[in-house]
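Undergrad: Mind looking over this structure? Questions follow.
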Amino acid sequence: MTDIADNGVMPGMELPDEGEGLLYEHFRIEADRGMAPVRIDKFLSEKLQHSSRNRIQKAAEAGFVHVGGQPVKSNYKVRPGDVVTLMLDRPRYDSTIEPEDIPLDVVYEDDDLMVVDKPAGLVVHPGCGNFSGTLVNAVAWHLRGLDSYDPNDPQVGLVHRIDKDTSGLLVVAKTPEAKTSLGAQFYNKTTHRSYNALVWGNMAGDGGTIEGNIGRDPKDRLRMAVFAPGSGVGKEAVTHWRALERFGYVTLVECVLETGRTHQIRAHFRHIGHPLFGDERYGGTEILRGERTGTYRQFVLNGFKLCPRQALHARTLGFVHPRTGRQMDFTSPLPADMEQLLERWRRYMRGSAQAGAQG
């Protein structure tokens, strides 16, 4: 279900003018026979994972929330057997994936699978606000001549995902057998994946492990939060890290995920006080460490411009080939924006060391 915008409607939609009564069904559910009465805004917020209670309340105010075919207010109590629908003033979006001629960096390909190196800025899969121009559309174009590959068949396609502004390696299954095998490997944690990240602060020690359940942030549904292990809130998440290079005020780290939760690295490092450099959603676009000088401030701001995203790259990917049983390992070089950012920090540290020696 696509998210509802702050005005209670889908992004880009106008509220219907008075007298316009044509609405389209986007969501329908019949309340369980044995359930206790519950407010409809609470009921729908639990059913629609990407819509907040506040947005549902605004949708109800706009006349988009119906029970038994009639609009109701957000305080309506849903009762057993009620048929609840979300009605909007345009047809439901057609989620059919169409091939699009988008550049694709194919690292490896055979009859069973392909490994691609995704650039930062490219959305992996169509979703709210990004219904085209995604990696999935690019893969569909690349494989358009393969009769056995249907981009709309969930039994083939992407096996895992990375965030829009994270770069790096992903594996695509061309056959149902390949997807089943690769999916099992990811589920059983037998794949090998590592990420490179530039984080704020001088990390203490050579390496360590971050543990903490990850779930939706109750204050910001676009962000994930970390909760205590065993709390029952969120899903278990474990991130192992080791320091690769230090720049005084930031550290380049390698991360190995024991679990694969949404925004795991980003949320975990923010939780321990070391947000990723340039990660706007998790506080990494603030100048969190360093000198109180205009020169340093400008240096960091220039770094944000050079790498205008979270400095995170899915660097390695390893798995067992689903047909041959052979171990497959791939490494992606750091993209230009991250490499240039690191080189700027190296030059800054060399300049600081020389200035200190002269002083």
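The values are calculated or read from the model by the stated rules, or taken from the named source; none is laboratory data. Just so we're clear, the structure is a prediction, and the values are computed from it rather than from any experiment. Cβ: placed from backbone, ideal geometry, glycine included. Neighbour counts: every protein chain shown. Quick note on the areas: whole protein, heavy atoms, side chains included, nothing else; ligands and nucleic acids left out. Shrake-Rupley method; radii C 1.70, N 1.55, O 1.52, S 1.80 Å.
Undergrad: Taking H as built 1.01 Å from N, whose amide H comes closer than 5 Å to the amide H of E245, not counting residues under 5 places away?
TA: HN-HN under 5 Å from E245: L252.
Undergrad: Still on this structure: Take the alpha-carbon centre of the range 315-343, take the same for the range 252-292, and report the distance between them in whole Å.
TA: 21 Å
Undergrad: Hey, another quick one. Can you tell me the mean projection area, over all orientations, of the convex hull of the range 97-211's alpha carbons? Units nm², please.
TA: Values: hull surface 36.0 nm².
Dividing the Cα hull surface by four gives the mean projection, 9.0 nm².
Undergrad: How much length is gained on full extension from L146 to F131, taking 0.36 nm per residue of separation minus their Cα-Cα distance?
TA: Working: separation 15, 0.36 × 15 = 5.40 nm, distance 2.31 nm.
Fully extending the segment from L146 to F131 adds 3.1 nm.
Undergrad: Which value at 222 nm does the chain reach when only helices count, each DSSP H run of 4 or more adding -39,500 (n - 2.57), with the total divided by all residues and rounded to the nearest 500 deg cm²/dmol?
TA: Rounded to the nearest 500, the figure is -7000 deg cm²/dmol.
Undergrad: Could you give each residue of the range 263-268 its phi-based ³J(HN,Hα) in whole Hz, using Karplus coefficients 6.51, -1.76, 1.60 with θ = phi - 60°, and x for Gly or Pro?
TA: Ordered by residue, 3J(HN,Hα) equals 6, 4, 4, 4, 6, 5 Hz.
Undergrad: ³J(HN,Hα) across the range 114-121 via Karplus (A = 6.51, B = -1.76, C = 1.60, θ = phi - 60°), whole Hz, x for Gly/Pro?
TA: Ordered by residue, 3J(HN,Hα) equals 9, 10, 10, 10, 7, x, 5, x Hz.
Undergrad: Excluding same-chain residues fewer than 8 positions from K42, which lysines have a Cα within less than 18 Å of its Cα?
TA: K58, K73, K77, K219
Undergrad: Something else: Using θ = phi - 60° and the Karplus relation 6.51 cos²θ - 1.76 cosθ + 1.60, list the HN-Hα couplings for the range 193-209 in order, rounded to whole Hz, with x at every Gly or Pro.
TA: Result, rounded to whole Hz: 9, 9, 10, 10, 9, 9, 10, 5, x, 8, 4, 7, x, 7, x, x, 10.
Undergrad: Mind grabbing the base-10 log of I(q)/I(0) for the chain at q = 0.13 Å⁻¹? Debye formula, identical points on the C-alpha positions, no solvent, two decimal places.
TA: Cα-only, vacuum Debye calculation for the chain: -1.15.
Undergrad: Can you find, among F269, V171, V250, the residue sitting farthest towards the positive end of the charge dipole of the range 171-270, where Lys and Arg contribute +1 and Asp and Glu -1 at Cβ?
TA: It is V171, whose Cα lies furthest towards the positive end.
Undergrad: Please give the length that would be gained between Q70 and E100 if that part of the chain were fully extended, namely 0.36 nm times their separation in residues minus their C-alpha to C-alpha distance (nm, one decimal).
TA: Values: separation 30, 0.36 × 30 = 10.80 nm, distance 4.08 nm.
Between Q70 and E100, full extension yields an extra 6.7 nm.
Undergrad: With a 1.4 Å probe and every protein chain left in place, work out the accessible area per residue of the chain in Å², rounded to a whole number.
TA: Working: 18350 Å² over 359 residues.
Per residue, the chain has an accessible area of 51 Å².
Undergrad: Out of residues 5 or more away from L312 or on other chains, whose amide H comes under 5 Å of its own, with H placed 1.01 Å from N in the peptide plane?
TA: Hits under the 5 Å cutoff: S167.
Undergrad: Roughly to the nearest percent, how much of the accessible area of the chain is carbon and sulfur, given a 1.4 Å probe?
TA: Values: 8600 of 18350 Å².
Solvent-exposed carbon and sulfur of the chain make up 47 percent of the total.
Undergrad: What aspartates and glutamates sit close enough to K174 to cross-link, taking a C-alpha to C-alpha distance under 13 Å and skipping anything fewer than 8 places away on the same chain?
TA: E109, D110, D111, D112, D147, D150, D153
Undergrad: Now, a different point. Can you tell me the FRET efficiency between K47 and A336 if r is taken as the Cβ-Cβ distance and R0 is 41 Å, rounded to the nearest 0.05?
TA: Details: r = 44 Å, r/R0 = 1.06.
Calculated value: 0.40.
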